[in-house]
Structure formats: structure tokens, C-alpha cells
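Contents: one structure, followed by commentary.
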Amino acid sequence: MKRQLMLAAATIAIGACAKKADDAAEKPQAVVSAQVAPVAAERFTETVDAVGVVSPRAGHIASLAAPSPTRVSKVYVSFGAHVKAGDPLVEFEQPAFDAAAKGADATLAAAEKASERTQRLADAGVIPRKDAEAAASDLGAARLNAVNAKRSRELSTLRSPIDGVVTRMNAVLGASADPTQVMVEVADPSAIDALLTLSPTDASRVKIGDQVALHAGAAASGAAIASGRIADISAAVDTSSRGVPARIEITSGAGVLRIGQTLFGRIVVAEHDHAVVVPLEALVPTGEGFKVFVVDEKGVAESRPVKIGGRSDHGAWITDGLKAGENIVTQGAYGVDDSTKVETGGAKDEKPATAAKKP
């Protein structure tokens, strides 16, 4: 009887194992179709991106204002006009300047006669020497007033001091003008720089002499239209933009740029040989970081956290978590889980790009 019970228990155990095997066979491993590619080790260019504008170079821009409170009587040019040195730009009401110049000349003539007379009398001992000295002082003040009045009359018509383009025009016919208000600005379009605004963090990574590719607009769309080098980096943060201005000396393509044009600059800050590079589509966000799916020789995917050192428009530089030569899921990574069987389906792999920017 005991032997029969043992045989029955063994039979039940064997049946249970067989059932589990059958259940496992009935539940196949998850399979997804995705693109798999080996991780590349190649040269990676690390860059910093910034947006800025084309600006006149210091010493090649002139800002002009009224010499004294007055009104605008004539406007000769408009915004964007090309002008030559000496061309009239804005004229102010003339009667007040003419009267001031004539009055100063008359005062000067009287002061000269008075100084001459008192000097003669002082030499003859008729009047004290101090009276002659006072007259000489009055003469000096009169000459200064005459010079200032003459200069104000000359500046009553604003003329361009350089060949260039009118980049600002605030003069309105009949409107009042003040010495603190810039009426017109002229800049030389052949002497221009690019001013890029960097974040304080990026500014610490950039150095004078770094090469810069300049693109039209606020993004790197299409090929670069000009190039240059970092000529100067501000030591202070701009209070309005909260960024750090960097001046770019344009070395090629300046002829296609216009003052005030928006530019996108890509600054090369480092070159890395034999860097581990993966396509951007291979990266899967995981909270504060990223992961990739590594595929073993059996085609089974395993998630692996990675650290990104930089990225470009198409590729990312991996500094930790991945080795060159390992196979990873590229396109279709968002549909993959751990232990998933990956079928490539004959998809062609693409090599990631290597021009980089900070993540």
C-alpha cells in the first residue's frame, strides 16, 4: 500500500512538471522589430551653441545728437541709407545757433578792446595791474564762448563722419531734440563682428581663438554662411539677457551679413578621438538620465544606463556605460523592454553624425 502511494505521488509530480513545461512553451518570448547597429568609435567634435546678432565693430560706428536743446527742421536721410563722410543727415533750427554765434563774436570783439585798453593803462600806471589781469581773464572766457558757439552752429547740421549706412534714425520733422538723445547713428558695414550670447556655464568652456560656424537665423538650418573665431569674451554677465557676450571676429563670409541680422553660432570647444558615438534615437530617457538597449549574440535586449558627454544634431557621445563594438537598438528603442527578443528585419544601419554640442 505504501509503495502504491509513493508511485502515485511521483506520477503527480511528473505531471506537474510536464504541465509547467507545456505552459512555458505556450507563453513565447516577446519579440519586437527594431534596427540594431554596432556602437561606433570615431572622432567627435564637441561644440557650444549660441544665438546673437551682427554688430558694427568698435571704432566704426558714430552716434550723433543735437548740440543743445532745439527742434528738427530738416531730415535728409532715412534708415538704411548709404552715406558718405560729410553728407548732411539732420538739420536743426538755425536762427538760435546763428544768433548765439553772432553774440559770442560781438562779446569777443568787445573783450579784446577792453583787454587792450586796460593793458595799456596798466602799463602807464593809470590803473592797477589787477584790472588788466581781470580783463585778460574776461577775454579768455569770451574766446572760449565764441569757439563753442561756432562749433554749435557747425553741429546744427549733423553730418556723417564716416562712409557707412544709417542704422538708427530718431529724428522727426518738427520734433524737439536734446543733447542726451541720439538722433542718428551711422555704421561702417565693412567692419562688422558677430556678438553671441553664451550662458555662464558655456562661457567657461569657450576660449579666445575657438572656431565658430555662423548660420542665418536662430537655428543651425542648412550650411553655415560665414565663419569666424572668438576674439573676446566678456568678464561680466549682461544684466538684460543674463548671458555672457562673446565677440566673434568674422574671417570669411562677411559679405553676406547685414548689421542687425540674427545669427546662430556653433563654437568648436574640443575634439575627441575614438569617442563612443550612438545615434540620438538610441537614447531612451530614464528620469534624470538616459539608457540604451544592448543586444547580445542571441538577439536579446538588455537596458544599460549611459552618461552623455555631448551631442550633435544626430549623434551622442557616450562617456560611460557603453563600449565600442557592442550592438545596440537604434531605431525602435522606445518599443523595447528588458529580455525582449529583437528582430532586425533587414533594416539598414546608419552611421551617426559627429559634430557635437553640450547635452
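Residue check: is Gly164 touching a residue at least 40 places away in the same chain (Cβ under 8 Å) and small (Gly, Ala, Ser)?
Spelling it out, Gly164 is indeed touching a residue at least 40 places away in the same chain (Cβ under 8 Å) and small (Gly, Ala, Ser).
In region 317-330, is there at least one residue being in a strand (DSSP E or B), closer than 17 Å to Gly289 by Cα and of a type in the set (Ser, Thr, Tyr)?
Within region 317-330 (the criterion being in a strand (DSSP E or B), closer than 17 Å to Gly289 by Cα and of a type in the set (Ser, Thr, Tyr)), the answer is yes, since at least one residue qualifies.
Considering only residues that are of a type in the set (S, T, N, Q) and assigned to a loop (DSSP other than H, G, I, E, B), look in region 110-163 and name the one that is nearest to Gly86 (Cα to Cα).
Ser160
Within region 207-226, can one find any residue that is hydrophobic (A, V, I, L, M, F, W, C), touching a residue at least 24 places away in the same chain (Cβ under 8 Å) and closer than 19 Å to Leu64 by Cβ?
No.
Would you pick out the residues in region 15-74 that are surrounded by fewer than 19 Cβ atoms within 10 Å (Cβ to Cβ), at pLDDT below 90 and β-branched (Val, Ile, Thr)?
Result: Val31, Val32.
Which of the residues belonging to region 45-89 are over 30 Å from Ser204 (Cβ atoms), in contact with a Lys or Arg (Cβ under 7 Å, 6 or more places away or on another chain) and assigned to a strand (DSSP E or B)?
Pro88, Leu89
Within region 186-221, how many residues are among the hydroxyl-bearing types (Ser, Thr, Tyr), more than 12 Å from the chain's Cα centre (by Cα) and not in a loop (DSSP other than H, G, I, E, B)? Give the derivation first.
Step one: list which residues in region 186-221 are among the hydroxyl-bearing types (Ser, Thr, Tyr), which gives 190, 197, 199, 201, 204, 221.
From the residues that got through so far, the ones that are more than 12 Å from the chain's Cα centre (by Cα) too are 190, 201, 204, 221.
Within this subset, residues satisfying the condition of being not in a loop (DSSP other than H, G, I, E, B) are 201.
The number of residues fulfilling the criteria is 1.
Restrict the check to region 248-262 and report whether at least one residue is touching a helix residue (DSSP H, G or I) at 6+ places or on another chain (Cβ under 7 Å), in a strand (DSSP E or B), of a type in the set (A, V, I, L, M, F, W, C) and without any contact (Cβ under 8 Å) to a residue 60 or more places away in the chain.
No: region 248-262 contains no residue that is touching a helix residue (DSSP H, G or I) at 6+ places or on another chain (Cβ under 7 Å), in a strand (DSSP E or B), of a type in the set (A, V, I, L, M, F, W, C) and without any contact (Cβ under 8 Å) to a residue 60 or more places away in the chain.
Conditions tested, residue by residue: (1) more than 51 Å from the chain's Cα centre (by Cα); (2) free of Cβ contacts under 8 Å to residues at least 60 places away in the same chain; (3) more than 30 Å from Pro189 (Cβ to Cβ).
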position	(1), (2), (3)
Glu112	yes, yes, yes
Arg129	yes, yes, yes
Glu133	yes, yes, yes
Leu144	no, yes, yes
Ala149	no, yes, yes
Glu154	no, yes, no
Arg159	no, no, no
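The values are calculated or read from the model by the stated rules, or taken from the named source; none is laboratory data. Everything numeric in this text was worked out from a predicted model, so none of it was measured. Don't worry about glycine lacking a Cβ; one is built from the backbone with ideal geometry, like all the others, and counts go over all protein chains shown.
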